[in-house]
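Just so it is clear, none of the values below were taken in a lab; they were calculated from the coordinates. Remember, it's a predicted structure, so these values are computed and weren't measured experimentally. Counting neighbours? That spans all protein chains shown, and the Cβs are built from the backbone with ideal geometry, glycine included.
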Amino acid sequence: MSEPRYRLVIGNKNTSSWSLRPWLLMRRFLIPFEEIAIDLRAPDVKEAILAHSPSGLVPALIVDDEMVVWDSLAIAEYLAEHHADRTLWPAGAHARAIARSVSAEMHSGFAALRREMPMDFARIKPVERAAIGDAVEADIRRIVTLWRYCRQEFGIGGPFLFGDYTIADTMYVPVASRFRTYGVDLAAFGDDGTAAAYVETVLSMPEIADWRMAAEAEVAGQTAE
Ligand SMILES: N[C@@H](CCC(=O)N[C@@H](CS)C(=O)NCC(=O)O)C(=O)O
């Protein structure tokens, strides 16, 4: 059976955190795809996205020009189901259930962190500890707890949340980027070094270097405008 033709509709690499998730998942698991890039700052952005994605949001995955899967987590689930030979979710029912729980928690939660510290992948702009409010602090503390728990309970076989890289990591990579670019000292939020090491691990992935290069080019282009 031939591989499906995948086209992934994504937004700007510097700011579109939801786009980064399936992009990284596909790159990491060597699932070939073409990119359809939408400039989310363009005046006709809604029409441009709606030409591909019925939700009017990115990311969306076009399969064989026949169907569209939209929403980052639905795309991840679709790929896990259709590439069952690759462990996009961890092996083992217990680990899989926890990986799904932490992924869903990211997908539906951490509103304060997302609002106050939007992904700005290629710009370093540290925030003072005193400027971090209670709601963002609670989000950061919860993420540190969750990362420590996954690493300790399930991470024995490798440096990622469940050992090897899975969908759970893909969901949290944009958070790691925020901690880096906003200069968040995770030790001040309950980290014993585990979460800081995890940030280092995910941001050192070679696929992330490619994404960062593109994000930096975008930012340089905007500065020149
Ligand atoms: N729950 C969605 C969120 C998608 C989303 O909010 N995408 C943003 C970009 S990161 C978007 O398409 N914004 C375009 C707009 O609002 O016009 C997912 O997980 O894919």
Q | Dipole of the stretch 54-152, positive end: most advanced residue of LEU61, VAL127, HIS107 [Cβ charges, Cα centre] | A | VAL127
Q.
Within the stretch 1-41, list the residues whose amide N lies under 14 Å from a label point set 7 Å along Cα→Cβ of ASP64.
A. 1-7
Q. Tell me, what is the FRET efficiency for LYS46 and THR145 to the nearest 0.05, using R0 = 35 angstrom and their Cβ-Cβ distance as r?
A. 0.40
Q.
In the stretch 21-44, whose amide N lies under 15 Å from the spot 7 Å out along Cα-to-Cβ of ASP85? List them in ranges.
A. 29-32
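Within the stretch 77-182, which GluC sites (Glu not before Pro) sit in a loop by DSSP and count at most 12 neighbouring Cβ atoms inside 10 Å? Write out the running numbers ahead of the final one.
Values: sites: GLU77, GLU81, GLU105, GLU116, GLU128, GLU137, GLU153; in loops: GLU128.
Of the GluC sites (Glu not before Pro), the ones in loops of the stretch 77-182 whose Cβ has at most 12 other Cβ atoms within 10 Å are GLU128.
Please arrange THR170, THR181, THR194 by how many other C-beta atoms lie within 10 Å of their C-beta, fewest to most.
THR194, THR181, THR170
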Q) Distance from the Cα centre of the stretch 158-176 to that of the stretch 123-143, in angstrom? A) 21 Å
Q. In nanometres, what is the gap between the two model label sites at HIS107 and ARG129, each 7 Å from Cα along Cα-to-Cβ?
A. 3.6 nm
(Q) Antiparallel versus total DSSP beta bridges in the chain: what percent is that, nearest 5? (A) 70 percent
